[in-house]
Amino acid sequence: MSEAPFPVEPARRRQPRLGYVMAATAAVLWGINGGISKTILEAGLSAERLAQVRSLGAALALVAVLAVTAPGRLRLTRREVPYILAFGIAGLAFVQWFYFLAIHRLAIGVALLIEYLAPLLVALWARFFYRDAVRRRVWVALGLALAGLALIVNVFGGGASLSTAGVLFALAGAFAYATYVLLAEHVVGDRDPVSLLAWGFLFASVFWAVLEPWWSFPGHLLTQTTSLQGNLATWHAPVWVLATLMVLVGTVAPFFLLISALRHLRATRVGIVAMLEPVVGALVGWVWLSESLGGVQLAGAVVVLAAIALAQTAR
């Protein structure tokens, strides 16, 4: 089936294998970053402030790189402003915010599994918005995803219940992530990944500065030392060191890789590779933070992952 509604770059510039490697590496880094972010949240920094630090840190790093290496790439046309503004706020800012709110209330693996309904939302958007025929497998995938979620959130009882607020925040994160991927794919054909991310995080930083003024930032929380929690509870590190890792290793690198992958692969294919993140996140939560999933939740996780994979094959 034709994928013409999406921007297409010249075939000679597309390298699918490179795209898969980039998307997979981004997913692994994000999975590891879940443990780093949750540790910072446990130190007392709010989800809003953590998203604020992450956005500003990433924006400063990316703008600095471009200012030195290619200042011309920072130029922004009037036509691009609405898309990149939406990308920065509805995509980047909200994805981080809802994710932090979710993992503060849920196990990392559970939060990510719910948020990774986003690829299914992307597939449905492509069907309905572009008026493509909806294949039967998409509806089957949707049914499987809902059944898997029902198992994960324990709607049938018989086990530990999950935070309702955490589940709702994770669902909101799924919609924000789908928005992020679709907007990124729309813009990436005309703009390089580094400048797109630089402007996106810059707009996100402005959004957070308005919502949470910097003059009221609890700076003392960054200078204190905190336990690494879970199985690493006897180890301690300064919060600012963890925040730096979150910005560079857990933000700049994976976002750059994911946006770059969209130059070689469609959004739906990038989405299915990114399913590695909830797997890595669950492993990190288990090995590092002593988080675990019950048997029913594990079954639900498998069903959700199968549903997302099935939805991707429909394209």
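A few remarks follow.
- A search for C-beta distances below 7 Å between a residue of segment 243-261 that is touching a residue at least 40 places away in the same chain (Cβ under 8 Å) and within 12 Å of residue 274 (Cβ to Cβ) and any residue that is part of a helix (DSSP H, G or I) and of a type in the set (Phe, Trp, Tyr), counting only pairs 6+ apart in sequence or on different chains, returns 254/30.
- Answer residue from segment 224-236, given it is touching a residue at least 12 places away in the same chain (Cβ under 8 Å) and among the aliphatic types (A, V, I, L, M) and is surrounded by the fewest Cβ atoms within 10 Å (Cβ to Cβ) among those: 232
- Listed by first and then second residue, the pairs with beta-carbon distance under 9 Å, at least 6 apart or on different chains, first residue in segment 62-91 and in contact (Cβ under 8 Å) with a residue 60 or more places away in the chain, second among the acidic types (Asp, Glu) and exposed (fewer than 15 other Cβ atoms within 10 Å of the Cβ), are 80/190.
- Restricting attention to segment 273-313 and to residues that are touching a helix residue (DSSP H, G or I) at 6+ places or on another chain (Cβ under 8 Å) and not in a helix (DSSP H, G or I), the residue that is modelled with the highest pLDDT turns out to be 288.
- Qualifying residue in segment 256-271 (condition: open to solvent by less than 30 Å² (accessible area, probe 1.4 Å) and more than 20 Å from residue 183 (Cα to Cα)): no
- Taken over segment 190-223, residues that are touching a residue at least 12 places away in the same chain (Cβ under 8 Å) and open to solvent by less than 60 Å² (accessible area, probe 1.4 Å) amount to 22.
- Restricting attention to segment 80-94, the residues being among the hydrophobic types (A, V, I, L, M, F, W, C) and open to solvent by 20 Å² or more (accessible area, probe 1.4 Å) number 6.
- Residue in segment 254-272 that is within 25 Å of residue 42 (Cα to Cα) and part of a helix (DSSP H, G or I) present: yes
The values are calculated or read from the model by the stated rules, or taken from the named source; none is laboratory data. Owing to the predicted nature of the structure, the values given are computational and were not obtained by experimental measurement. Here the Cβ is made from the backbone with ideal geometry for all residues, glycine too, and neighbour counts use every protein chain on show. Ligands, DNA and RNA are stripped out before the accessible areas are found, and what is left, the full protein with its side chains, is counted by its heavy atoms. Shrake-Rupley method; radii C 1.70, N 1.55, O 1.52, S 1.80 Å.
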